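Here's the structure we're looking at; comments come further down.
The values are calculated or read from the model by the stated rules, or taken from the named source; none is laboratory data. Keep in mind that what you see is a predicted model, and the values were worked out from it rather than measured. Heads up, the Cβs are rebuilt from the backbone with ideal geometry, glycines too, and the neighbour counts pull from every protein chain shown. Note: accessible area is taken over every heavy atom of the protein model, side chains too, but ligands, DNA and RNA are not part of it. Shrake-Rupley method; radii C 1.70, N 1.55, O 1.52, S 1.80 Å.
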Amino acid sequence: RTPWFNGWGFNLPRGQSLLDKWNLVPEGIDILMTHGPPLGFRDWVPKELQRVGCVELLNTVQKRVRPKLHAFGGIHEGYGIMTDGYTTFINASTCTVSFQPTNPPIVFDLPNPSSS
C-alpha cells in the first residue's frame, strides 16, 4: 500500500486506514520493500515542491520494524540512497521522472548476521 498520490491505483488515504496496513508488516525482518517511500527519505518532488512520502510508513520503519534495508521506487525523482544511521533507504526507481528507464541498478551489500 502507499499513501494517496495523484489519484493513482493502490492508494489509501493517509491516517488510520493506511496505518492499519502498515501494521501488518512483521517485526524482525531485515529487508522491507514497498512501492513508495517513507516521509523524508528520497521522497522530494520538485515539480510539486513537496515531500510525498508516508509518515505512517516512516513511523512503522523507524519505531517498530527497524529493517536494515528499506527499498522502494515509486517516486522517480528520488532515485538514490540515504540512511538514518540504522536503516538504509534505497529508492531504486529504474525510470526517470519522464518515465525513461535509464537509472542504473543499485547494488548493495547487506552484512551477514553475527553468529550466535
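List of remarks:
- Pick from the range 28-51, criterion more than 12 Å from the chain's Cα centre (by Cα) and part of a loop (DSSP other than H, G, I, E, B), ranking: nearest to Asp109 (Cα to Cα): Asp30
- Taken together, Trp4, Trp8 contain a single residue that is open to solvent by 20 Å² or more (accessible area, probe 1.4 Å), at pLDDT below 90, hydrophobic (A, V, I, L, M, F, W, C) and in contact with a strand residue (DSSP E or B) (Cβ under 6 Å, 6 or more places away or on another chain), which is Trp4.
- Here the range 42-72 is the region considered, the condition is being at positive phi and touching a residue at least 12 places away in the same chain (Cβ under 8 Å), and the residue that is most open to solvent (accessible area, probe 1.4 Å) is Arg66.
- All of (1) in contact with a Ser or Thr (Cβ under 8 Å, 6 or more places away or on another chain); (2) hydrophobic (A, V, I, L, M, F, W, C); (3) modelled with pLDDT of 95 or more; (4) closer than 26 Å to Gln16 by Cα hold for Ile81 with one exception: (4).
- Of everything listed in (1) open to solvent by less than 40 Å² (accessible area, probe 1.4 Å); (2) polar (S, T, N, Q); (3) within 12 Å of the chain's Cα centre (by Cα), the single unmet condition for Asn103 is (3).
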